[in-house]
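Enquirer: Starting off with a structure, shown below.
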Amino acid sequence: MSKQIFVITEHLRGKIDDVTYEMLGKGKELAAASGGELVAVLLGHNQKELANEFGAASKVIYADHEKLADFNPWMYAKIVSEIVAQQKPRVVLTAYSSMGIEVAPAVSVSQGISLTAYVSDLSIQDLKVSVVSQIYGGKMNIEAVDENESMIACVLPGSFPADAGKATGSPAVEDFAVSGLDESKIQFKKLIAPDKSDVDITQSEILVSVGRGIQSNDNLPMVEELATKLGGAVSCSRPIVDSKWMPKTRQVGKSGLKVKPKCYLALGISGAPEHIEGMKEADLVIAVNTDPKAPIFDYAHYGVVGDLFDIIPALSAKL
Amino acid sequence: MNIIVPIKQVPDLVEGLEIDESGKDLNREWIKLKLNEFDDHALEEALLLKEESGATVTAIAIDSQDIDKVLFTAAAKGADKIIKVTGNFGTTVTSHEAAKALANAISSMQYDLVLTGVQAVDDRDGQIAVLLANYLNVPHVSVVTGVSINGGAVSVMKEYGGGNVAEFECTPPLVLGIQAARQTPRYVPVAKVRQIMKSATLEEVAGGDVSVVAASTVQKFSFPTGGGSAQMIEGSAEEQANKIFELLKEKGIK
Ligand SMILES: Cc1cc2nc3c(=O)[nH]c(=O)nc-3n(C[C@H](O)[C@H](O)[C@H](O)COP(=O)(O)OP(=O)(O)OC[C@H]3O[C@@H](n4cnc5c(N)ncnc54)[C@H](O)[C@@H]3O)c2cc1C
């Protein structure tokens with residue numbers, strides 16, 4: 001059985017996402033425990049120099065092709081599947097991200113390898129892998145063991161320290177021969193950058209953030225008022241944007257923005273892992289939620305079990 | 001254009017979850033279920049495409065508790081056909097099993113697009129959209145927030161972090177994992193569902209062999225304690241607001 005640990009790295013036009021370093025840090029720890037080597041897998045075009053960012057790994061497998069310059073779900077899944085098939089590593093770490101969500105299940109089915117998702121922790125002993133998944137919107141932890149030959153873990157971003165995986169160096173780079181990329185089925189057209197015309201919530205020191213608990217966009221003015229009185233800006237969870245109550249530029253989380261304000265007031269936000277990912281590094285998090293079991297309370301510094309429709313006016317009145 | 005929409009129910013997280021006696025599953029006796037919100041978005045997007053370009057929409061689901069009502073609700077919203085996939089399923093069906101049963105059922109149908117939710121809160125072994133695509137052996141795009149049909153091609157918007165979006169041009173057949181429909185999923189009154197239950201037919205298709213690849217084995221369910229649990233602020237709303245005010249002052253914010 002292989003002892004190798006693979007990390008499927010991610011970058012958007014050469015910008016490496018932090019979750020890659022988190023996985024490399026964790027991967028290093030796993031490799032030390034398994035007695036195998038840590039291998040980083042990199043796909044791209046004319047981006048071999050990115051391998052130097054993966055000094056935590058002892059080797060980088062690099063697949064270069066002009067059609068891999070931008071992420072393409074089926075091409076990336078195909079190449080990663082081929083690389084995994086060749087080496088059958090004990091553990092493959094992918095991110096629970098927009099890219100990982102396409103690659104991990106595809107490799108699992110095509111290679112017949114076990115897949116565990118929403119992974120917040122894992123360890124390895126005698127090649128037996130213990131893995132913790134955080135499911136039900138962060139409301140339940142599930143411990144499992146994997147005794148298969150090979151497994152994929154789709155890791156929740158923010159679960160491990162990124163610093164542990166940040167080491168520059170010049171790991172050995174092994175080129176992977178790319179062939180058979182057929183563009184006829186899924187063709188990348190263009191990347192559309194986010195709108196920059198709105199307030200930049202990543203620059204705001206105080207964020208008053210609302211979630212589905214706000215119930216209706218008619219209730220937003222009271223939130224605006226509170227934010228203005230605090231000298232901050234209003235941000236929100238994803239459902240608020242999907243309902244078109246607030247612009248995308250205000251969304252905090254996995255598919256929104258990562259924020260690190262001095263103070264983050266989370267009002268009527270449950271604290272799903274995809275939201276936590278975007279705000280867990282705020283200096284001070286105060287959460288207001290009617291549900292005492294809301295996962296947001298596990299990440300907040302202070303919590304109020306209460307109705308935001310009582311707390312917001314009471315707080316505004318003081319300012 | 002034929003669009004198939006696999007949907008499923010998940011525990012409603014507004015209700016408290018309980019762990020059963022084995023410690024390896026939820027206590028499902030009193031559990032309240034609801035349609036996976038992302039599947040609801042997938043159905044909405046399919047219905048919007050139907051309204052735009054005259055597609056046929058089929059909602060399909062694995063046989064499970066209360067699923068008939070869920071499928072009839074989909075019909076009441078505008079699905080042309082509803083199908084229940086039957087088989088020897090346990091109380092919990094893994095994502096791999098569900099995807100395989102769906103693939104067995106769908107592979108004999110005529111379809112151009114399969115639209116399903118990007119994820120569900122209980123996909124411990126991965127998200128169904130991409131698993132299904134791979135069992136069907138067709139391409140996939142997930143985390144989709146926009147779909148438009150231009151003749152034979154389908155243009156798809158996929159979201160990345162930080163508000164970046166990629167546009168892909170795809171050739172059906174294709175599976176899409178829908179993150180959000182263009183508009184909030186429609187609501188349908190119960191009376192209309194009751195009415196459709198009298199006229200619509202619920203077809204049944206066998207899920208076939210769902211034995212799947214290796215998986216990890218569940219040992220234990222537990223409630224997370226998070227990084228560092230919050231210090232709770234007690235009292236009346238007034239007192240709680242006061243305390244928040246003081247905390248902000250301490251931070252030099254007000
Ligand atoms: C690929 C992907 C990317 C995603 N990206 C993001 C992202 O970037 N950002 C994001 O936020 N989500 C994201 N999500 C969605 C995420 O999974 C959750 O669905 C979402 O975060 C839930 O938002 P919420 O907390 O506002 O709503 P809910 O989970 O519905 O929570 C509402 C909360 O309000 C509380 N509440 C209700 N009434 C009141 C009241 N009167 N007073 C106080 N509290 C009240 C409830 O107890 C509940 O806890 C993503 C999902 C996927 C699949």
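Enquirer: Looking at the stretch A:224-257 only, could you name the residues that are farther than 17 Å from residue A:196 by Cβ and more than 15 Å from the ligand (Cβ to nearest atom)?
Expert: A:224, A:225, A:227, A:228, A:229, A:230, A:231, A:232
Enquirer: Considering only residues that are part of a loop (DSSP other than H, G, I, E, B), under 16 Å from residue A:51 (Cβ atoms) and within 12 Å of chain B (Cβ to nearest Cβ), which ones fall in the stretch A:4-16?
Expert: Within the stretch A:4-16, A:10 is the sole residue that qualifies.
Enquirer: Also, I was wondering about something else. With respect to residue A:221, determine if the residue is in the same structural domain as residue A:310 (by TED's automatic domain parsing), part of a helix (DSSP H, G or I) and within 12 Å of the ligand (Cβ to nearest atom).
Expert: The answer is no for residue A:221.
Enquirer: Being more than 26 Å from residue B:252 (Cβ to Cβ) and more than 9 Å from every other protein chain (Cβ to nearest Cβ) is the filter; apply it to the stretch A:233-267 and report the residue that is surrounded by the most Cβ atoms within 10 Å (Cβ to Cβ).
Expert: Per the criteria, the residue is A:237.
Enquirer: Something else: Within the stretch A:250-273, work out how many residues are in a helix (DSSP H, G or I) and modelled with pLDDT of 95 or more.
Expert: Here the count works out to 1.
Enquirer: Could you run through the stretch A:117-158 and say how many residues are part of a loop (DSSP other than H, G, I, E, B), more than 7 Å from chain B (Cβ to nearest Cβ) and crowded, with 21+ Cβ neighbours inside 10 Å?
Expert: Number of matching residues: 4.
Enquirer: For the stretch B:96-124, how many residues are facing chain A (nearest Cβ under 8 Å), within 16 Å of the ligand (Cβ to nearest atom) and of a type outside the set (Val, Ile, Thr)?
Expert: Summing the residues that are facing chain A (nearest Cβ under 8 Å), within 16 Å of the ligand (Cβ to nearest atom) and of a type outside the set (Val, Ile, Thr) in the stretch B:96-124 gives 4.
Enquirer: Within the stretch A:168-181, identify whether any single residue is within 23 Å of residue A:22 (Cβ to Cβ), assigned to a strand (DSSP E or B) and facing chain B (nearest Cβ under 10 Å), and answer yes or no.
Expert: Checked the stretch A:168-181: no residue is within 23 Å of residue A:22 (Cβ to Cβ), assigned to a strand (DSSP E or B) and facing chain B (nearest Cβ under 10 Å).
Enquirer: Pick from the stretch B:236-254 the residues that are at negative phi and outside any helix (DSSP H, G or I): which of them is farthest from the other protein chains (Cβ to nearest Cβ)?
Expert: In this case the residue turns out to be B:236.
Enquirer: Mind listing whichever residues of the stretch A:277-290 are within 13 Å of the ligand (Cβ to nearest atom) and either at the interface with another protein chain (Cβ under 7 Å from one of its Cβ atoms) or in a strand (DSSP E or B) (or both)?
Expert: A:286, A:287, A:288, A:289, listed by residue number.
Enquirer: Can you tell me which of A:167, A:153, A:144 is over 22 Å from residue B:161 (Cα atoms) and at pLDDT 95 or above?
Expert: A:144 is the lone residue from the list that is over 22 Å from residue B:161 (Cα atoms) and at pLDDT 95 or above.
Enquirer: Right, here's the next one. If I ask for residues that are free of Cβ contacts under 8 Å to residues at least 60 places away in the same chain and within 8 Å of the ligand (Cβ to nearest atom), which ones from the stretch A:258-276 would you list?
Expert: Listed by number, the residues that qualify are A:267, A:268, A:274.
Enquirer: When the residues of the stretch A:182-197 are filtered to those that are assigned to a loop (DSSP other than H, G, I, E, B) and over 24 Å from the mean Cα position of the chain (by Cα), which remaining residue is nearest to residue A:252 (Cα to Cα)?
Expert: Among them, the one singled out is A:197.
Enquirer: Which one of A:291, A:298 is under 30 Å from residue B:41 (Cα atoms), touching a residue at least 40 places away in the same chain (Cβ under 8 Å) and among the acidic types (Asp, Glu)?
Expert: On inspection, the qualifying residue turns out to be A:298.
Enquirer: Then there is this: Which of the following residues is among the small types (Gly, Ala, Ser) and under 16 Å from the mean Cα position of the chain (by Cα): A:108, A:97, A:81, A:114?
Expert: None of the others qualify; the one that does is A:97.
The values are calculated or read from the model by the stated rules, or taken from the named source; none is laboratory data. A quick note: this is a predicted structure, and the numbers were derived from the prediction, not measured. Note: ideal-geometry Cβ built from the backbone for every residue, glycine included; neighbour counts use all protein chains shown.
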